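Single-structure report; data block below.
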Amino acid sequence: MTQAAADVSPRMAMNTPENITSEIILLPGLCNDALWDPYSTWYTEDPQFGRCAERTVLLWAPCFLLWVCSPFYALVLKRRRYDPVPWSALAYTKVMVTGVVMAAAVVEGVWAGTGGYGSVTTADFLAPPILFVTYVIAMALYLSLLVGERRRGKRSSGLLWTYWLVAVTAGAPQLTTAVTTTSRQLPPLLVATFVVQYLGYVVLFVASSVNDVPSYLQRHAKTKNPSPEVDASFLNRLIFFYNIPLIWHGWRRPLVYHDLHDVLPKNSAETVYKAWRSSLDREEGRAWEGSKAPPVTVQTQAKVSVVRHILRQCYTIMLPPFILRLLLEAVSFLSPVLVGWLIGFMEDGEEPAWHGYLYAVLLFVVCQVRSLLKNSYLYGVLVTSVNVRTALMAAVYNKVLKLYAWEESFTERVKGIRDDELKLLKRLALCRSLYTFLFHSTPFLVSV
């Protein structure tokens, strides 16, 4: 047992009884060392993940993320119209840096296959080929997504940004080991290839945080006062940084109507109702009036459920807020756990000092992630509700126009419908205010 294990505090000793081994050995065909050794990872002043975990789990996690999410993301891209984005300096930079990273992976695979310098362990001999194949597939997926997104008008990818963020985070421990470790020094070629790959991660992460140039259709479809969200990257939309100029103008002087930006084209009433009407007519068995499809004759016409049609029409925009809500509820349980660990650390006094810093940083990160998830969820719910309400209002007004357009009291009827709608909106606003009050006051009432 090492000196760090002998200095374990009583509280930590309770968590690691002597009858339980201190090492978790997994993947015996790949690693000679333990995958997890708590006495070198947690109960020490100089924590290290270990070479096995760095060469397997931390390298495979980003690739696994991209593997799982790529098919679903490809389906989303397939639904978008063809709107190619021209190649720019940023796009060429992404492709060239990706090629350099792939070349480093090839060199690492050749080094492992030829036996290195004669001192290749089982982990170094077996893990690099597997990592090489995994990495090449991941890079192929990345290139296909990059080209596919440009063909579909996507200027910033949330999936690729998340992938590079996870790759940079997971590669930090191995970078620290490769640069600072003096004992059990890694082979120089392995260190060089990993440093090149990690620098590529950083460059691609920064490049993915910037929005690309607009397509031809996007340039010519801009209005006089377009929304800044149109040119915002994924990171910009995630933190709502594009609203800073509007907030600054509102702080300097009162905002007027001309300061408001135009609605996004995909959220405009024309686009929403056109999609609604086209889908509804297709479901009812007749061609839409604005399409060029030939007329369809139907013998029997079944009634269409509005609720079912709303779910079928808006499930693609309802699903992301639902997933964000699940993640938000899951993250909400982490803060009390971290606070409990931090209190235990302060009461113990014998744990390593870096435990306290780790708990504090994790608590801050969890709070920020929860805030981002909550804001994204509320924004998604707001956009979904506005789109549904816009489609229903347009359908009602269209029905009124067809039924009462030739009557003298048409103006009064439209005014009456609007008055009823305003009354309903006031009731909904009152219910929402009561719900918000109860939501924020329930913890206080329960504590009292």
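A few notes on this one:
Residues checked against (1) under 30 Å from G109 (Cα atoms); (2) of a type in the set (A, V, I, L, M, F, W, C); (3) more than 16 Å from the chain's Cα centre (by Cα):
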site: L190; (1), (2), (3): yes, yes, yes
site: F194; (1), (2), (3): yes, yes, yes
site: Q197; (1), (2), (3): yes, no, yes
site: F205; (1), (2), (3): yes, yes, no
site: Y216; (1), (2), (3): no, no, yes
site: R219; (1), (2), (3): no, no, yes
site: K222; (1), (2), (3): no, no, yes
site: P228; (1), (2), (3): no, no, yes
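- Here the condition is being surrounded by fewer than 13 Cβ atoms within 10 Å (Cβ to Cβ) and out of contact with any Gly (no Cβ under 8 Å at 6 or more places or on another chain); of P352, P336, it holds for P336 alone.
- Exactly one residue among V206, V196 is out of contact with any helix residue (DSSP H, G or I) (no Cβ under 8 Å at 6 or more places or on another chain) and at pLDDT 85 or above, and that residue is V206.
- Residues being within 27 Å of the chain's Cα centre (by Cα) and within 26 Å of V331 (Cα to Cα) - total across the stretch 343-399: 29
- Residue within the stretch 408-430 that is at pLDDT below 75 and loosely packed, with under 10 Cβ neighbours inside 10 Å present: yes
- Filtering the stretch 104-117 to residues that are at pLDDT 60 or above and either in a helix (DSSP H, G or I) or under 15 Å from A192 (Cβ atoms) (or both) leaves A104, A105, V106, V107, E108, G109, V110, W111, A112, G113.
- Residue match in the stretch 34-52 (condition: in contact with a Phe, Trp or Tyr (Cβ under 8 Å, 6 or more places away or on another chain), in a helix (DSSP H, G or I), closer than 24 Å to Y198 by Cα and of a type in the set (A, V, I, L, M, F, W, C)): no
- Number of positions in the stretch 380-407 that are of a type in the set (A, V, I, L, M), at pLDDT below 80 and part of a helix (DSSP H, G or I): 3
- Yes/no for C69 being modelled with pLDDT of 75 or more, more than 30 Å from S157 (Cβ to Cβ) and not in a strand (DSSP E or B): no
- Out of L326, L342, sole residue that is in contact with a Phe, Trp or Tyr (Cβ under 6 Å, 6 or more places away or on another chain) and free of Cβ contacts under 8 Å to residues at least 60 places away in the same chain: L342
- Among the residues here, V296 qualifies as at pLDDT below 85 and not assigned by TED's automatic domain parsing to the domain that holds V386.
- Residue pairs meeting the criteria (Cβ under 9 Å; at least 6 apart or on separate chains; first closer than 20 Å to V166 by Cα, in the stretch 208-219; second of a type in the set (K, R) and not in a helix (DSSP H, G or I)): N211/R155
- Any hit, the stretch 233-251, residues being on the phi > 0 side of the Ramachandran plot and either more than 21 Å from the chain's Cα centre (by Cα) or not β-branched (V, I, T) (or both): yes
- Any hit, the stretch 260-278, residues being under 27 Å from R308 (Cβ atoms), touching a residue at least 24 places away in the same chain (Cβ under 8 Å) and among the acidic types (D, E): no
- Considering V101, V133, V147, V120, the condition of being in the same structural domain as C63 (by TED's automatic domain parsing) and at pLDDT 70 or above is satisfied by V101 alone.
The values are calculated or read from the model by the stated rules, or taken from the named source; none is laboratory data. All values reported here derive from a predicted model rather than from experimental measurement. Note that we place each Cβ from the backbone using ideal geometry, even for glycine, and neighbour counts take in every protein chain shown.
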